[in-house]
1. Within the stretch 217-231, count every residue that is touching a Phe, Trp or Tyr at 6+ places or on another chain (Cβ under 9 Å) and either assigned to a loop (DSSP other than H, G, I, E, B) or without any contact (Cβ under 8 Å) to a residue 40 or more places away in the chain (or both).
2. Anything in the stretch 186-219 that is within 18 Å of residue 139 (Cβ to Cβ), in contact with a helix residue (DSSP H, G or I) (Cβ under 8 Å, 6 or more places away or on another chain) and among the charged types (D, E, K, R)? List them, or say none.
3. Across the stretch 186-215, what is the total count of residues that are in a loop (DSSP other than H, G, I, E, B) and either touching a residue at least 24 places away in the same chain (Cβ under 8 Å) or closer than 26 Å to residue 240 by Cβ (or both)?
4. Which one is farthest from residue 30 (Cα to Cα), of the residues in the stretch 66-106 that are under 12 Å from the mean Cα position of the chain (by Cα) and assigned to a loop (DSSP other than H, G, I, E, B)?
5. May I ask you to list the residues in the stretch 43-52 that are more than 15 Å from residue 118 (Cα to Cα) and not in a strand (DSSP E or B)?
6. For the stretch 172-185: of the residues being assigned to a helix (DSSP H, G or I) and out of contact with any helix residue (DSSP H, G or I) (no Cβ under 6 Å at 6 or more places or on another chain), which is surrounded by the fewest Cβ atoms within 10 Å (Cβ to Cβ)?
7. What do you reckon, is residue 169 buried (at least 20 other Cβ atoms within 10 Å of the Cβ) and over 19 Å from the mean Cα position of the chain (by Cα)?
8. Out of (1) buried (at least 19 other Cβ atoms within 10 Å of the Cβ); (2) at pLDDT below 95, the odd one out for residue 213 is which?
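The values are calculated or read from the model by the stated rules, or taken from the named source; none is laboratory data. Computed from a predicted structure; not experimentally measured. Heads up, the Cβs are rebuilt from the backbone with ideal geometry, glycines too, and the neighbour counts pull from every protein chain shown.
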Amino acid sequence: MRFLAILLCLATFSFASKADSKSNVENFTADSLLISVGTFTSPSAVWYRGTPKHPQVYVWFHGGMQSSKCAKGYEAGGMLVPFLEKSKKENIVVSVSACKDNHWLTSAVLKTVDRLLDSVEARYKIQIDTVSLVGVSDGGLGIAGYTLYGKRAVRARLLVSTNLSSVSDARNLSKAIRVRQGSWTFLQGGSDRLYPSNRTMPWQDEFCSVLGREQCVIRFDNRGEHDWSWWTANREGWIREFVP
């Protein structure tokens, strides 16, 4: 299976986190933290309401993973919070920051996700065994990376305007044991300026055909654009199917 070599070199690391701010977002509280893995420090955030005891946990992987804006994790996960505000379930959203050479397909960044989840467990004295993943644009690579190498099982995945062809060919990836655990939902648009549908749809079609259409769903809108904002404005119902 053709995966990027950097994912195969998992190094030892240390962990440190500290809460450095608190704010309210859509009736949720947002705590910001710094999560360190080796020499990499990732600005991160946790959104929650009340004192969670048995929450469903969502991990957000932002786009622009090699941008020089290195603190996207402070705000990125907040884009999912409005969809959880009316939920009767307990929910937590977490997001970390990828940056420059520390992108989603590096071991250090992938490990920050589990270290952030470890800190949530310690704070609330809960156990997080499963997570749901949301990735926008190249945040989809974070979903692929965490699926293969993350510590926790994945319940469901939502990939918005993504292209996973750089991770592996579709058939081989779909055969990986951890890939076959949990559901996959793709939102893809015909007017995507970065990932044209003639490049992304053949890969997704083959991936879902091997994985099975009950486990893997493609939602395609020919008008669909790349940005998350287009999907929230025009296909809110599709997102709410993932976040009941």
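1. So the answer is 9.
2. 192, 219
3. The total comes to 10.
4. Going through the qualifying residues, I end up with 104.
5. Of everything in the stretch 43-52, those that are more than 15 Å from residue 118 (Cα to Cα) and not in a strand (DSSP E or B) turn out to be 49, 50, 51.
6. Start the filter on the stretch 172-185 by keeping residues that are assigned to a helix (DSSP H, G or I), which leaves 172-174.
Subsequent filtering for residues that are out of contact with any helix residue (DSSP H, G or I) (no Cβ under 6 Å at 6 or more places or on another chain) retains 172-173.
Working: 172: 15, 173: 23.
Restricting to residues being assigned to a helix (DSSP H, G or I) and out of contact with any helix residue (DSSP H, G or I) (no Cβ under 6 Å at 6 or more places or on another chain), the top hit is 172.
7. Numbers: buried (at least 20 other Cβ atoms within 10 Å of the Cβ): no; over 19 Å from the mean Cα position of the chain (by Cα): yes.
It is false that residue 169 is buried (at least 20 other Cβ atoms within 10 Å of the Cβ) and over 19 Å from the mean Cα position of the chain (by Cα).
8. Only one criterion is unmet by residue 213, namely (1).
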